[in-house]
Protein chains: 2
Amino acid sequence: MTRLGDLGEFGFIDRVRRQVTTSEQVIEGIGDDCAVLDFHGQTMLVSTDLFLEDIHFRPSAASYKDIGWKAAAGCLSDIAAMGGTPRFMLLSLAAPAGTNADDLEDFYTGYLAMCGKAGAVLVGGDTTRCQGGITIDSIVIGEAVDGRYLTRCGAKPGDVLAVTGLPGKSAAGLHAQENGHAAPKLLHAHHKPTPRIAEGQWLAKCEAVHAMLDVSDGLVQDAGHLTEKSGVGLDIDRASLPIGKDLEDYCAVHKLDVSEFAMAGGEAYELLFALDPKALPNLLDDFCKEFALGLTVVGEFTDKHEEVRVDGKTPRSGGFDHFGK
Amino acid sequence: MTRLGDLGEFGFIDRVRRQVTTSEQVIEGIGDDCAVLDFHGQTMLVSTDLFLEDIHFRPSAASYKDIGWKAAAGCLSDIAAMGGTPRFMLLSLAAPAGTNADDLEDFYTGYLAMCGKAGAVLVGGDTTRCQGGITIDSIVIGEAVDGRYLTRCGAKPGDVLAVTGLPGKSAAGLHAQENGHAAPKLLHAHHKPTPRIAEGQWLAKCEAVHAMLDVSDGLVQDAGHLTEKSGVGLDIDRASLPIGKDLEDYCAVHKLDVSEFAMAGGEAYELLFALDPKALPNLLDDFCKEFALGLTVVGEFTDKHEEVRVDGKTPRSGGFDHFGK
């Protein structure tokens, strides 16, 4: 027998995909941040996101409001990753009969606050009791306005790799939480991430942006999806990774490697994209004027090899496999 | 503190609903079988359905192919319940790392077979490991062709209540399974239910059909949703409930009350609807010509009271509360 954990998340998805049939209405099926569907001539984007107690969140470590916020944020970030506009959300919730209903109401308060901020409305879902921990599946339905969206496919040799914000902060927040360290800004980044929806829409309108996704499992691992889908290689320059003062201070105090957080830290919900370097100076300027958010070039796509290299070397596996042990 | 189990599924949903805002694009929000959404002038139907190991299925009692089939069937039945046409499915799956990947492939085979039969394609989802049992959330996106669909609201005093097929068979199959009784046809009804998609579409086109849902928690309990949403009462005639020879024989051998299965048996995925009695003879004829499936009148809506009565009496609570103990 093959254990799911040995096959890994991506190995398993590949096996399933072989069985799946498609239709003319499916523009992009399994394998990108969202499915892209033709619904009577409109471009619909759909994604789901599982969020499980003791795997993705711990009620002892975060308020139920923050857990709700983050459950919605993770799902909405899939729409941001393609430059789409979220419209509708559905929420499936399994919880033990003994769960405090007030806690779950707080969860919905946080969830709905994030939905409201993103301009999406909760329209349905399902509820059931369960025997294990609280299980949440969040579903988003959105659209690509004017049919414009970005996928993981399209990065060209010579394109640069750019990232929004500070992708290591969330993982450092988790580290602080697990080690009982005081780091309020990092903890905030971990508990209340903001999907880059407006930023994604803006980038999807730029002809010079060729491919995009969001950092959910770690920058290096997620960049690997861009290279794989685009059929190119990538050289990441470790020294260029954006760090930020909070993370730098935290790592200095606790003697940690800052670039590890920036390279392998998950749940960042920053956008990672391939960009024609000719557009670079203007795009950087315009983006920073439009959004109070940094944009950093961290690598360059190449046709000289087909993998992700950091400072010329193949990194050891970093990032998160959802079926991993 | 209020325990979720004490509040119950419907009590909890009512509390959550108070927090939910809506938009012009939401035609029907939380509270019906599907959400009904206006997507650029097209009527979109969306639903999700949780399917949990040891709550909704047991791998020791059914093949993984059948489990997959049923996971898809339950979700597709929500579209059937409104007379819609399913188009796209998404599947979120949480499973322990030690799960046999071959079993899960069988699960997908069954799931995809049901999708294919219903004319829907799998376009995405999410996968993650978990610590408890296998957790499945199935999502369906469909549409109401020509904008025609039925909700739980619209039953009028004087309308009759009709049901397709034999709603007690699935529950009797579960009974047979749990008691180790041989009853292959009842077991088949339990493990491989067929959502009434074509039948639902046909009924949604009839002006005389005023309200509809599918039997998922038990006929009497589900009929209560029709009376509640339509603001009318209902008198069910116990003797008129369709039973079928398999169920009759099974109950005779094992000294069980046949009508209990027909009244309270869940997961039947038959359609239950309110119908103008003037249309009755023709509609019965036409339906039976179109489909190899029975249709039975089992009650009448009334304005003399506001509850569901069986043979003039209020039944003790029958059916399934998803947060119940």
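The values are calculated or read from the model by the stated rules, or taken from the named source; none is laboratory data. Note that this is a predicted model, so its numbers are computed, not measured. Here Cβ is always computed from backbone atoms with ideal geometry, including for glycine, and neighbour counts include all displayed protein chains.
See the values below:
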{"read-out": "Restricting the stretch B:21-33 to residues that are facing another protein chain (nearest Cβ under 7 Å) and buried (at least 18 other Cβ atoms within 10 Å of the Cβ), the residue that is nearest to the chain's Cα centre (by Cα)", "value": "B:ILE30"}
{"read-out": "Total residues in the stretch B:278-299, condition surrounded by 15 or more Cβ atoms within 10 Å (Cβ to Cβ) and assigned to a helix (DSSP H, G or I)", "value": "5"}
{"read-out": "Subset of the stretch A:122-156 [of a type in the set (A, V, I, L, M) and either at the interface with chain B (Cβ under 7 Å from one of its Cβ atoms) or assigned to a strand (DSSP E or B) (or both)]", "value": "A:LEU122, A:VAL123, A:ILE136, A:ILE139, A:VAL140, A:ILE141"}
{"read-out": "Sole residue being of a type in the set (A, V, I, L, M) and within 12 Å of chain A (Cβ to nearest Cβ), chosen from B:LEU76, B:LEU52", "value": "B:LEU52"}
{"read-out": "Verdict on A:ARG58 being closer than 30 Å to A:ASP146 by Cβ, more than 17 Å from the chain's Cα centre (by Cα) and of a type in the set (Lys, Arg)", "value": "no"}
{"read-out": "Some residue of the stretch A:75-87 being closer than 24 Å to B:GLY133 by Cβ, over 13 Å from the mean Cα position of the chain (by Cα) and β-branched (Val, Ile, Thr)", "value": "no"}
{"read-out": "Residue check for B:LEU7: more than 24 Å from A:ASP49 (Cβ to Cβ), outside any loop (DSSP other than H, G, I, E, B) and touching a helix residue (DSSP H, G or I) at 6+ places or on another chain (Cβ under 8 Å)", "value": "yes"}
{"read-out": "Residue among B:LEU219, B:LEU187, B:LEU213 that is in contact with a helix residue (DSSP H, G or I) (Cβ under 8 Å, 6 or more places away or on another chain), more than 14 Å from chain A (Cβ to nearest Cβ), hydrophobic (A, V, I, L, M, F, W, C) and farther than 13 Å from B:GLU270 by Cα", "value": "B:LEU187"}
{"read-out": "Matching entry among A:TYR250, A:TYR269 (being under 11 Å from the mean Cα position of the chain (by Cα), among the aromatic types (Phe, Trp, Tyr) and surrounded by 18 or more Cβ atoms within 10 Å (Cβ to Cβ))", "value": "A:TYR269"}
{"read-out": "Answer from B:GLY200, B:GLY244 - the residue that is surrounded by 20 or more Cβ atoms within 10 Å (Cβ to Cβ) and either at pLDDT below 95 or hydroxyl-bearing (Ser, Thr, Tyr) (or both)", "value": "B:GLY244"}
{"read-out": "Unmet criterion (only one of (1) within 12 Å of another protein chain (Cβ to nearest Cβ); (2) out of contact with any Cys (no Cβ under 7 Å at 6 or more places or on another chain); (3) not hydrophobic (A, V, I, L, M, F, W, C)) for A:SER47", "value": "(2)"}
{"read-out": "Residues of the stretch B:79-96 that turn out to be assigned to a strand (DSSP E or B) and either in contact (Cβ under 8 Å) with a residue 60 or more places away in the chain or within 9 Å of another protein chain (Cβ to nearest Cβ) (or both), as a count", "value": "10"}
{"read-out": "Options A:THR151, A:THR164; residue that is closer than 13 Å to A:GLU270 by Cβ and among the hydroxyl-bearing types (Ser, Thr, Tyr)", "value": "A:THR164"}
{"read-out": "Residue list for the stretch B:55-73, filter: among the hydrophobic types (A, V, I, L, M, F, W, C), closer than 16 Å to B:GLY133 by Cα and within 14 Å of chain A (Cβ to nearest Cβ)", "value": "B:ILE55, B:PHE57, B:ALA71"}
{"read-out": "Any hit, the stretch A:243-261, residues being of a type outside the set (Asp, Glu) and in contact with a strand residue (DSSP E or B) (Cβ under 8 Å, 6 or more places away or on another chain)", "value": "no"}
{"read-out": "Breaking point among (1) at the interface with chain B (Cβ under 7 Å from one of its Cβ atoms); (2) under 19 Å from the mean Cα position of the chain (by Cα); (3) surrounded by fewer than 17 Cβ atoms within 10 Å (Cβ to Cβ), for A:GLY119", "value": "(1)"}
{"read-out": "Lone qualifier among B:GLY224, B:GLY142, B:GLY180, B:GLY218 - being crowded, with 24+ Cβ neighbours inside 10 Å and in the same structural domain as B:TYR250 (by TED's automatic domain parsing)", "value": "B:GLY218"}
{"read-out": "Count - residues of the stretch B:1-19 that are within 7 Å of chain A (Cβ to nearest Cβ), in contact with a Phe, Trp or Tyr (Cβ under 8 Å, 6 or more places away or on another chain) and surrounded by 14 or more Cβ atoms within 10 Å (Cβ to Cβ)", "value": "6"}
{"read-out": "Residue that is in a helix (DSSP H, G or I) and of a type in the set (A, V, I, L, M, F, W, C), where the choices are A:ALA162, A:ALA171", "value": "A:ALA171"}
{"read-out": "Counted residues, the stretch A:34-85 - those being of a type in the set (S, T, N, Q) and over 30 Å from A:PRO184 (Cα atoms)", "value": "4"}
{"read-out": "Enumeration of residues in the stretch B:122-167 that are among the acidic types (Asp, Glu) and within 16 Å of the chain's Cα centre (by Cα)", "value": "B:ASP137"}
{"read-out": "So B:LEU213, is it within 30 Å of B:ALA120 (Cβ to Cβ), outside any loop (DSSP other than H, G, I, E, B) and in contact (Cβ under 8 Å) with a residue 40 or more places away in the chain", "value": "yes"}
{"read-out": "Meets criteria (over 15 Å from B:ASP126 (Cβ atoms), loosely packed, with under 15 Cβ neighbours inside 10 Å and among the small types (Gly, Ala, Ser)) for A:GLY41", "value": "yes"}
{"read-out": "Any pair with Cβ under 9 angstrom, 6 or more apart, that starts in the stretch A:97-112 at a residue that is within 7 Å of B:LEU4 (Cβ to Cβ) and at the interface with another protein chain (Cβ under 7 Å from one of its Cβ atoms) and ends at one that is among the aromatic types (Phe, Trp, Tyr) and in a helix (DSSP H, G or I)", "value": "A:ALA101/B:PHE12; A:LEU104/A:TYR64; A:LEU104/B:PHE12"}
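Let's see how each residue does on (1) free of Cβ contacts under 8 Å to residues at least 60 places away in the same chain; (2) among the β-branched types (Val, Ile, Thr):
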| position | (1), (2) |
| --- | --- |
| B:ILE139 | no, yes |
| B:ASP146 | yes, no |
| B:TYR149 | no, no |
| B:LYS156 | no, no |
| B:ALA162 | no, no |
| B:LEU166 | no, no |
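Per-residue answers, yes or no, for (1) more than 29 Å from B:MET82 (Cβ to Cβ); (2) among the small types (Gly, Ala, Ser); (3) in contact with a Ser or Thr (Cβ under 9 Å, 6 or more places away or on another chain); (4) in contact (Cβ under 8 Å) with a residue 24 or more places away in the chain:
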| position | (1), (2), (3), (4) |
| --- | --- |
| B:LYS169 | no, no, no, yes |
| B:GLN177 | yes, no, no, yes |
| B:HIS181 | yes, no, no, yes |
| B:LYS192 | no, no, no, yes |
| B:ALA198 | no, yes, no, yes |
